[in-house]
Amino acid sequence: MVLTEETAFDPKEVVELYDSVGWRGYTRDVDSLCRGLANSHLVITARDESGGLLGLARTVSDDESICYVQDLLVNPKFHRRGIGRALLERLKERYAHCRFFLLSTDHESTPEGKRNHAFYRQLGFLSYEEKQMAGFGLPRIRPPRGRADA
Ligand SMILES: CC(C)(COP(=O)(O)OP(=O)(O)OC[C@H]1O[C@@H](n2cnc3c(N)ncnc32)[C@H](O)[C@@H]1OP(=O)(O)O)[C@@H](O)C(=O)NCCC(=O)NCCS
């Protein structure tokens, strides 16, 4: 497996990867997905020896205080082979100087949450509650902007 920082993205290849984990919210708009990747602070890919894309991780960061891991995904055909661990360990090293190294994931009551919590705990992460923090986000569907914002 080869880990590489990449800045140019083949839409077909990234759609295949994001679709493989069911992340249709991204693949519905391929141009937006590719712009998001290009605008990320860092994108690392994991590829096999023939260049096939196995997984990817991307960050949003000021490279000083905060690194937020926005996406970490591995094609399910290659789960449990240490690829997710390798991607995240690389990011932990790269952003070791940042006081905050954060991410969000599904609630533990969901099947994805159970798997992801086991994974992140294995990699040394604490929940926000354990760090005496809380996470907040606006609802996905929000009222249209009022006139004051226009
Ligand atoms: C989460 C994800 C990235 C893990 O990638 P991976 O390459 O399969 O994980 P690794 O093989 O590096 O796992 C490292 C360790 O994490 C734990 N782990 C990983 N998957 C697990 C699972 N399904 N159940 C329990 N523990 C798990 C294990 O301790 C594992 O070590 P082991 O295989 O030696 O027991 C992968 O499942 C994925 O892409 N999921 C879909 C996308 C997603 O939900 N991403 C996270 C978004 S926040």
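Each value in this text was obtained by applying a stated rule to the coordinates, not by laboratory testing. Predicted, not measured: the structure shown is a model, and the values here were computed from it. Cβ: placed from backbone, ideal geometry, glycine included. Neighbour counts: every protein chain shown.
Couple of notes before you dig in:
- Three-way shape label, the chain, alpha-carbon gyration tensor, a/c 1.5: rounded
- Most positive-pole-ward Cα, 50, 38, 103, against dipole of the chain from beta carbon charges: 103
- Per-residue Cβ neighbour counts within 10 Å put 66, 83, 141 in the sequence 141, 66, 83, beginning with the fewest.
- In a reduced charge model with +1 at each Lys and Arg Cβ and -1 at each Asp and Glu Cβ, the chain shows a dipole moment near 420 debye about its Cα centre.
- Label separation (residue 145 vs residue 85): 4.6 nm, computed from points 7 Å beyond Cα along the C-beta direction.
- Nonlocal amide H pairs with residue 54, under 5 Å, H built at 1.01 Å: 46, 47, 48
- 5 angstrom amide H check on residue 67, placed H, neighbours 5+ away: 100, 101, 102
- Counting every other Cβ atom within 10 Å of each residue's Cβ, 120, 128 order from fewest to most as 128, 120.
- The longest part of the chain holding none of the exposed loop trypsin sites (Lys or Arg not before Pro), meaning those outside H, G, I, E and B in DSSP with at most 11 other Cβ atoms within 10 Å, is 29-79.
- Beta bridges per DSSP, both residues in segment 57-137: antiparallel share near 55 percent.
- Backbone geometry of segment 62-72 corresponds, through the Karplus equation with coefficients 6.51, -1.76 and 1.60 at θ = phi - 60°, to 3J(HN,Hα) couplings of 9, 6, 10, 10, 9, 10, 10, 7, 7, 10, 9 Hz, x marking Gly and Pro.
- Going from the fewest other Cβ atoms within 10 Å to the most, the residues 108, 6 appear in the order 108, 6.
- Full extension of the chain between residue 23 and residue 97 yields a length gain of 23.6 nm, computed as 0.36 nm times the residue separation minus the alpha carbon distance.
- Per-selection Rg to Rh, segment 92-150 - Cα, Kirkwood hydrodynamic radius: 1.13
- Alpha-carbon centroids, segment 37-67 and segment 87-133: separation in whole Å: 16 Å
- Here residue 77 and residue 10 are evaluated by their C-beta separation; at R0 = 30 Å the FRET efficiency comes out at 0.95.
- Over the chain, relative contact order from alpha-carbon pairs under 8 Å, at least 6 apart, %: 17 percent
- Top of 37, 138, 73 by mean-square fluctuation, Gaussian network on the chain, Cα under 10 Å: 138
- Whether segment 1-74 is rounded, prolate or oblate, judged on the alpha carbon gyration tensor where a/c under 1.5 counts as rounded: oblate
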